[in-house]
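Student: This structure is in structure tokens; I'll ask about it shortly.
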Amino acid sequence: MAYIEGFLLAVPEAKLDAYRRIARKAGKVWMEYGALQYLESVADDVQPGTQVSFERAVKCKPGEVVLMSYILYRSRAHRDRVNKQVMADPRIAAMTGPDTCPFDPKRMMWGGFKSIVAF
């Protein structure tokens, strides 16, 4: 089954268009190196939990929105090969510098997940 790399982050609403532009470019790079799918999504209907929530997970501040993203791969080994190439690509480095990144990367979380059910 597929391997998924998931991301959760907060982006200031005023910088959402800038994030979208960078995400489109980044997605093209990931796909070029072999990712099966690249998806970026913005919170639309997320409920605050009593203990945890998407907003709390990324320490969302007023005026920020939560984004959840994922990249789909054939396997963890495939993910590792693709990411090695992506991280060495100068186009990605140009998008993630302190002057170009439209969010606080310290509040981003990510991880790899094995599929257990798929249709």
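The values are calculated or read from the model by the stated rules, or taken from the named source; none is laboratory data. Quick caveat: nothing in here was measured; it's all calculated off a predicted structure. Cβ placement follows ideal geometry from the backbone for every residue including glycine, while neighbour counts extend to all protein chains displayed.
Student: In segment 17-32, what residues are free of Cβ contacts under 8 Å to residues at least 60 places away in the same chain and not small (Gly, Ala, Ser)?
Tutor: Of everything in segment 17-32, those that are free of Cβ contacts under 8 Å to residues at least 60 places away in the same chain and not small (Gly, Ala, Ser) turn out to be ASP17, ARG20, ARG21, ARG24, LYS28, TRP30, MET31, GLU32.
Student: Follow-up. Could you give every pair whose Cβ atoms fall below 6 Å, whose first residue belongs to segment 83-96 and is in contact (Cβ under 8 Å) with a residue 12 or more places away in the chain, and whose second residue is in a loop (DSSP other than H, G, I, E, B), counting only separations of at least 6 or pairs across chains?
Tutor: GLN85/TYR33; VAL86/TYR33
Student: I'd like the full set of residues that are crowded, with 16+ Cβ neighbours inside 10 Å and within 25 Å of ARG20 (Cα to Cα), limited to segment 74-83.
Tutor: Answer for segment 74-83, where residues must be crowded, with 16+ Cβ neighbours inside 10 Å and within 25 Å of ARG20 (Cα to Cα): ARG79, VAL82, ASN83.
Student: Scanning for something out of contact with any strand residue (DSSP E or B) (no Cβ under 8 Å at 6 or more places or on another chain) and either of a type in the set (A, V, I, L, M, F, W, C) or at negative phi (or both), does segment 58-67 turn up at least one residue?
Tutor: yes
Student: Further question on the same structure: Is it the case that ARG24 is surrounded by fewer than 16 Cβ atoms within 10 Å (Cβ to Cβ), under 22 Å from PRO62 (Cα atoms) and among the basic types (Lys, Arg)?
Tutor: So ARG24 does not fit the description; no.
Residue-wise test of (1) farther than 18 Å from PRO105 by Cβ; (2) among the small types (Gly, Ala, Ser); (3) at pLDDT below 95.
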residue	(1), (2), (3)
GLY6	no, yes, no
LEU9	no, no, no
LEU16	no, no, no
LEU36	yes, no, no
VAL42	no, no, no
PRO48	yes, no, yes
VAL65	no, no, no
ASN83	no, no, no
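Student: Sticking with this structure for a sec: Is it the case that segment 103-119 has a residue that's closer than 11 Å to LEU8 by Cα, in contact (Cβ under 8 Å) with a residue 24 or more places away in the chain, surrounded by 14 or more Cβ atoms within 10 Å (Cβ to Cβ) and out of contact with any Lys or Arg (no Cβ under 8 Å at 6 or more places or on another chain)?
Tutor: yes
Student: Turning to a different aspect of this structure: State yes or no: is GLU5 touching a residue at least 12 places away in the same chain (Cβ under 8 Å), touching a Pro at 6+ places or on another chain (Cβ under 7 Å) and not aromatic (Phe, Trp, Tyr)?
Tutor: So GLU5 does not fit the description; no.
Student: To continue, here is another question. Could you list, in sequence order, the residues of segment 11-24 that are closer than 26 Å to ARG76 by Cα and out of contact with any helix residue (DSSP H, G or I) (no Cβ under 6 Å at 6 or more places or on another chain)?
Tutor: Correct list: ALA23, ARG24.
Student: Please work out which residue is surrounded by the fewest Cβ atoms within 10 Å (Cβ to Cβ), limiting yourself to segment 33-73 and to residues that are in a strand (DSSP E or B) and without any contact (Cβ under 8 Å) to a residue 40 or more places away in the chain.
Tutor: Among those that are in a strand (DSSP E or B) and without any contact (Cβ under 8 Å) to a residue 40 or more places away in the chain, it is SER41.
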